[in-house]
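Quick notes on the structure that follows.
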Amino acid sequence: MNAKYDLGGVKRRASDPADEPKAKKGGIWMLLLRIIGGLAAIGTVAAIAVVIGIFVWLQSLHVGLPSEQTLADYEPPVTTRVHAGTGELLAEFARERRLFVPDAAIPAVVKQAFISAEDKNFYDHGGLDYRGIARAALRFIPDKLQGNSLEGGSTITQQVAKNMLLTADQRFERKAKEAIVAQRMEKAFSKEHILELYLNEIYLGNRSYGVAAAALNYFGKPLSALEPHEAAYLATLAKAPANYRPTVYEDRAIARRNWILGRMHEDGYLTDEELETARAQPLGASLAPPLGAREDAGQYFAEEVRRRVADLYGSEALYDGGLSIRTTLDPEMQRMARLAFRMHLVEYDRRHGYRGPISTLALPNDLAERLPVEGEASSEAPFIWQVALEDEQTRLYKDRKAAADLDPWELAVVLSVADQSAEIGLLDGQRGRLPLDQLTWAREFGSIDSRGPQITRAGQVLSAGDVVYVEALSEAREDFALYQIPAVNGGLVAMDPHTGRVLAMVGGFSFDLSEFNRATQAWRQPGSTFKPFVYATALENGYTPSSIVLDAPFVAPSLGNSWWKPGNYVAGRFYGESTLRLGIEKSRNTMTARLAQDIGIGRIIDTAETFGVSERLPRELAISLGAGETTLMRITTAYAQFVNGGRRIEPILIDRVQNRYGETIYAWDQRSCFDCDAEAWTGQGEPVLADDREYVIDPRTAFQMVSILEGVIDRGTGARIKSQIDGDYPLAGKTGTTDDYHDAWFVGFSPDLAVGVYVGYDTPQSLGQGEGGSNVAAPIFGEFMARVLPKRDVVPFRAPSGIRLVRVNAKTGKPAQSGDPNVILEAFKAEDNVYGANRFATDSDPSLQGRADESISDDLGGIY
């Protein structure tokens, strides 16, 4: 159909061929323009949407990120360090081993090493290294395809940000957050502060967080003492600590260290000569001991301090707060205490025989057979028995049948046995010999009071495969002695009697075997070590050291319908009328019981509680002989109050606690000293500190007890102690033994040192017939004092005013006459009747008097 259209007066047909090409050509261009315009519009909208989306996403990333103030207040967890009284490091407690050191205290060489290794443009960028980011982006796909760790391109600032975000995942979102925080930090902090955070936060292996902890843990040095090659090794560890562990990958560590030294040289931090010298140095790094006590000898003390600080400030402050704790411990004295305690505990244990090997191993038929190790020469491979012993040691440690804190003892396996010796193998593959003369003590344990026959052959003691403890007899390590872990245990406490500062504390034979502290946690009956508080009560109530008390059979009502009938050490033997002094020196039981009945059990309990012996003593006459319970720490503190003149003290383990900023938050001594802040000595006298402590007893009574207890060592149940000590030192103390020899005690003192010793089984049982305080505990006291006293000033016991020293007959207690034998100086108060007119607690029954026909015997009497 040829329809016609009116087009502005021009009549043309719609299908006019002349017009079609021109119209078609213009339509294509218009279409293209329209398409381009549409795409541009869509692209603009999309770009705006992307920008808005990125903006919204970035804004969302800000949510939950730390603010500048949070970053400014950031405090990383810091190691708590415990120091002995001498300043020696005793222990460390932490979840992360870190010491925070301010920027000003970090040496330049340490900063330079880390900057060269990790971020050489640190001082020039604003938190992000765009070249590093570009390099990481180019490496992204190849690393992904090859399964390699992704390169982060992180600056030091970003690494600090990552630590603060507490995540190390490699997602883009985390990296974006890290970049935001890094840029915030650069705006909020100086470069020095950012570097300070980094160097204190970074993990450097071996539980070391921060350069200060790492310097100590790898080199045993403070930061200020590090040399360039050591600083470079610490910077080596920033990349991957496990890959450069000094004990495993030393060559790899040296290569990386030398590369960093080269970077330091390129960056202008080292001269040519310094570079050459540093690269020539050996690695010199080692691994620090684990957290906790730094020495085996101080483990019980360190653990007691840990418990007390946790009680005071909580676990978070203890493990993360960076506390500095100054304790009272004397490290040298602590080592002596542990040595003396172990030596005599082993001696006691050997007296009662050998209980057999710790365990047994199945040995190979060929003892020379080795276990091949891949990559190791067959001649250097470990013996099969050696590997078995290593595995057995691991099991024994886990089961607490052996311990790592028994040095110089070491585990060995018996390889063969002959008549005159046994051959042993050690963990390092070395072989040695147990000669017969080192086995003669090891008679078979039958019971606490019986042993097997005499040892004439090594085969009576040992068999092939036995795992035992031995100790080398010489540096040649050819001959060894046989040892066993004692079944018995105990504790030792040494303190300054004038202050209560605990100078040494042994809580048991081995901390690894048992963390139970028998010095502070074991409540046991003190036996005759309680008697001084009975006699002190008597001296406070009219008695004198020369007052007479009858030592004869004694009966008193007990609980229920029973009767209490104490006896002396030698059953059925009594010594008649005796002075108070002799009652203590010879440890007379019936005499003490009669005295206690006369003065009243209530007064005795009051005295004991005032001294701090116990707050839970039963109101029974039997407590006069030590039937109550106390701890070694308590009774040692109580004895210390005799020698310090009767002033109250408390046992002190912690002198001072400071927080991470050096501010003192706890101090035991709260006294003010107005003249202690002088900048220099200009001839002025020493500052005088007031002593406002209360008295627990009359100072004169305290001195009388010191004098009486001195007689215990001079003439009484502790007399064997004098034979252990080379020199004439003033010493006093008291033995103690409980019923059936369950517990053995000795508590005593010199003028400036109080020491208590306790020995007993954790589950109470007899120590054996005759194994009382004088045989078991007193030798430990004597051994310790023999080692300590020669290193201390010798002074006499100090007498207070109001004391008269009178020469008396030791037998009668009366003033000595010309020609009297056995004359001693006795301490009387000014008002005392020195002529012995008062005779107390002597029973008037003639039949009892007649029984006492062995008065003042030279026998040591009872040690109950």
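In vacuum, with every alpha carbon of the chain counted as one equal point scatterer, what does the Debye formula give for log10 I(q)/I(0) at q = 0.06, 0.09, 0.10 Å⁻¹? Two decimals, please.
Listed by q, the Debye log ratios stand at -0.60, -1.04, -1.16.
Let me check I've understood the local charge: for ILE601, count other residues with C-beta under 13 angstrom from its C-beta, Lys and Arg +1, Asp and Glu -1. What total comes out? Don't jump to the answer; show the numbers that get you there.
On the way: positive: ARG594, ARG603, ARG619; negative: ASP598, ASP606, GLU609, GLU620.
Taking every Cβ under 13 Å from that of ILE601, the sum is -1.
Pairs LYS398/LYS791; LYS111/LYS398; LYS734/LYS791: which are spaced more than 31 Å apart, C-alpha to C-alpha? Could you put the intermediate results ahead of the total?
On the way: LYS398/LYS791 40 Å; LYS111/LYS398 43 Å; LYS734/LYS791 24 Å.
Violating the 31 Å limit, Cα to Cα: LYS398/LYS791; LYS111/LYS398.
Counting only DSSP beta bridges with both residues in segment 410-516, tell me the antiparallel percent, nearest 5. Let's see the in-between values first.
On the way: 24 of 25 bridges.
The antiparallel fraction comes to roughly 95 percent.
List the pair-distance distribution P(r) of segment 484-538, using every Cα-Cα distance, as the percent of pairs falling in each 10 Å bin from 0 up to the bin containing the longest distance, rounded to whole percents.
In whole percents, the pair-distance histogram is 19, 37, 33, 9, 1.
Could you check the spin-label model distance between LEU367 and THR271? Points 7 Å from the Cα along Cα→Cβ, value in nm.
With each label placed 7 Å out from Cα toward Cβ, I get 6.1 nm.
Please arrange LYS187, LYS177, LYS586, LYS221 by counting, for each residue, the other beta carbons lying within 10 Å of its beta carbon, fewest first.
Numbers: LYS187 9, LYS177 20, LYS586 27, LYS221 12.
Listing LYS187, LYS177, LYS586, LYS221 from fewest to most nearby Cβ atoms yields LYS187, LYS221, LYS177, LYS586.
Which order do HIS229, HIS352 fall in if you start with the one that has the fewest other Cβ atoms within 10 Å?
On the way: HIS229 24, HIS352 21.
Fewest-to-most ranking of HIS229, HIS352: HIS352, HIS229.
Using a simple spin-label model with points 7 Å from Cα along the Cα→Cβ vector, what separation in nm is obtained for GLU615 and ALA476?
Placing both labels 7 Å beyond Cα along the Cβ direction yields 6.1 nm.
Report, largest value first, the span of the C-alpha coordinates of segment 230-327 along each principal axis, in whole Å.
Reported extents, whole Å, longest axis first: 55, 26, 23.
By how many nm would the segment from THR664 to HIS193 grow when fully extended, if each residue of separation counts as 0.36 nm and the alpha-carbon distance is taken off?
Working: separation 471, 0.36 × 471 = 169.56 nm, distance 2.53 nm.
167.0 nm is the gain from fully extending THR664 to HIS193.
Using a 10 Å cut-off around each Cβ, can you sort LYS120, LYS531 from fewest to most neighbouring Cβ atoms? Could you put the intermediate results ahead of the total?
Values: LYS120 14, LYS531 27.
Fewest-to-most ranking of LYS120, LYS531: LYS120, LYS531.
Which helices pass in the chain if a helix is a full DSSP H run, must span at least 27 angstrom along its long axis by Cα, and must have mean Kyte-Doolittle hydropathy not below 0.5? Before the final figure, lay out the partial values.
Numbers: long enough: 20-62 (62 Å, 1.23); 331-351 (30 Å, -0.89).
Membrane-span-like by this rule: 20-62.
Taking R0 as 35 Å, what FRET efficiency do you get between THR86 and LEU396 from their Cβ-Cβ distance, rounded to the nearest 0.05?
Working: r = 35 Å, r/R0 = 1.00.
Taking R0 as 35 Å, the efficiency between THR86 and LEU396 is 0.50.
What distance in nm lies between label points placed 7 Å from Cα along the C-beta direction at ALA418 and ASP739?
If labels sit at ALA418 and ASP739, their model points lie 5.4 nm apart.
Could you tell me the center-to-center distance, by alpha carbons, between segment 292-363 and segment 392-445 in angstrom?
Here the answer is 23 Å between Cα centres.
On a full-extension model of 0.36 nm per residue, what is the gain between ALA225 and TYR695, subtracting their alpha-carbon distance, rounded to one decimal in nm?
Values: separation 470, 0.36 × 470 = 169.20 nm, distance 5.02 nm.
Using 0.36 nm per residue and subtracting the Cα-Cα distance, I get 164.2 nm.
Tally Lys/Arg at +1 and Asp/Glu at -1 over every other residue whose Cβ is under 13 Å from the Cβ of PRO557; what's the total? If you can, show how the numbers build up before the last one.
Numbers: positive: LYS565, ARG619; negative: GLU620.
Once positives and negatives cancel, what remains is +1.
Taking the Cα centroid of segment 185-263 and of segment 502-520, what is the distance between the two, rounded to the nearest whole Å?
37
Using 0.36 nm per residue, how much length does the chain from SER463 to LYS791 gain when fully extended, once their Cα-Cα distance is taken away? Walk me through the numbers before you get to the answer.
Values: separation 328, 0.36 × 328 = 118.08 nm, distance 4.56 nm.
Roughly 113.5 nm would be gained on extension.
Rounded to the nearest 0.05, what FRET efficiency do LEU32 and ALA176 give with R0 = 35 Å and r taken as the Cβ-Cβ distance? Could you check?
Values: r = 40 Å, r/R0 = 1.15.
The calculated FRET efficiency here is 0.30.
In the chain, what percentage of the DSSP-assigned beta bridges are antiparallel, given to the nearest 5?
On the way: 82 of 92 bridges.
Within the chain, antiparallel bridges account for around 90 percent of the total.
Read-outs: derived from the displayed coordinates by stated rules, not from any lab. If you're wondering where the values come from, they're calculated on a predicted model, not measured in any experiment. Backbone-built Cβ (ideal geometry, glycine too); neighbour counts: all protein chains shown.
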